[in-house]
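Working notes for the structure below.
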Amino acid sequence: MFEISCATCSDAGARERNEDDLRCGRVGDVWYAVVADGAGGHSRGAEASRRAVLQLESRLQDPDAVDTPAGLTGAVRAAHAEVLDGQPAEAPHAQRMMTTVVALRLDAARGEALWSHVGDSRLYRFRQGRVDFVTRDDSVAQRMFDAGLLSSEQLRGHPYRNQLVAALGMPDTLEPHTPASADAVHEGDAYLLCTDGWWATLDDRDLPETLNNADDPKHWLHLMRERILGRGLPRQDNFSAIALWVGDPWASRFLDDADLADTRPQ
């Protein structure tokens, strides 16, 4: 049985309202976390993220319903249907509500992790001194990065970064990104789910450096939030994240600068 701890953080940034939503909870031996980043005119983004998160949370609170990749994929599609059901009739594109989503399910008894995502909210896993980028953005900029046209630094600040090719609420067939099988959980694993307002403001070294100095998940999020606010971006987007630690994360720490030399997505 793995001991798991969780913390959350959500901030409006420089925006008038926060259109992110997130949940973290536990049902028996199973922990779940969901982060969503909404978009749409007249506060529709906040409604989209709320609808998606509540629908996913209701599914994840039934551990037997989402204990397989197909089950979790079905839960994300149900969240997509919930967002579509809330669309105003014949809404113009600017008024449609859409949201990204990333969801994680950790089974402490079975030692398994399962995740799914749509859009550009991300899941990172820190294991034995390395960062694993386990999700890839559904964005135009990510496709340019995959084609070798952008570096990871250029991807972070590219004007096409926010142009999504998939999101909940889009009128297209949805294909959530869910691995074919659950991933084995290791003692010391640390997971970070976050919106693009979080990861795009931090550089490649911020995540592992703050993990190195954190006492617990709440402290880790606090250290990252301080760095985001310290950037002082005048148009800082909403930024939200959930951190989960499996046992003692010292096994996931980076020991020296050599370990931090290359934490970029491969």
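Here are the numbers:
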item: Residue in region 26-46 that is nearest to M224 (Cα to Cα), counting only those that are out of contact with any helix residue (DSSP H, G or I) (no Cβ under 7 Å at 6 or more places or on another chain) and surrounded by fewer than 19 Cβ atoms within 10 Å (Cβ to Cβ); result: R26
item: Members of region 221-247 found to be in contact with a helix residue (DSSP H, G or I) (Cβ under 8 Å, 6 or more places away or on another chain) and either of a type in the set (D, E) or farther than 20 Å from A103 by Cβ (or both), listed by number; result: L223, M224, R227, I228, Q236, D237
item: Of all residues in region 123-139 being in contact with a Leu (Cβ under 7 Å, 6 or more places away or on another chain) and within 23 Å of T68 (Cβ to Cβ), the one that is surrounded by the fewest Cβ atoms within 10 Å (Cβ to Cβ); result: V134
item: Residue within region 95-112 that is closer than 22 Å to V246 by Cβ, of a type in the set (V, I, T), loosely packed, with under 15 Cβ neighbours inside 10 Å and modelled with pLDDT of 95 or more present; result: no
item: Members of region 1-49 that are of a type in the set (D, E) and touching a strand residue (DSSP E or B) at 6+ places or on another chain (Cβ under 8 Å); result: E3, D11, E19, D20, D21, D29, D37, E47
item: Near pairs, Cβ below 7 angstrom, 6+ apart or cross-chain, from region 170-181 (at negative phi and in contact (Cβ under 8 Å) with a residue 40 or more places away in the chain) to any residue that is surrounded by 12 or more Cβ atoms within 10 Å (Cβ to Cβ) and among the charged types (D, E, K, R); result: L174/R77; P176/R77
item: All positions within region 195-217 that are crowded, with 21+ Cβ neighbours inside 10 Å and acidic (D, E); result: D196
item: Residue in region 47-67 that is modelled with pLDDT of 95 or more, surrounded by 24 or more Cβ atoms within 10 Å (Cβ to Cβ) and not aliphatic (A, V, I, L, M) present; result: yes
item: Flag for A141 being among the aliphatic types (A, V, I, L, M), in contact with a Lys or Arg (Cβ under 8 Å, 6 or more places away or on another chain) and at pLDDT below 85; result: yes
item: Filtered residue count, region 211-230, keeping only those that are at pLDDT 95 or above and either over 16 Å from R122 (Cα atoms) or not in a helix (DSSP H, G or I) (or both); result: 12
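The values are calculated or read from the model by the stated rules, or taken from the named source; none is laboratory data. Nothing here was measured: the structure is a model prediction, and the numbers come from that model. Cβ sites come from the backbone with ideal geometry, for glycine too, and all protein chains shown count toward neighbours.
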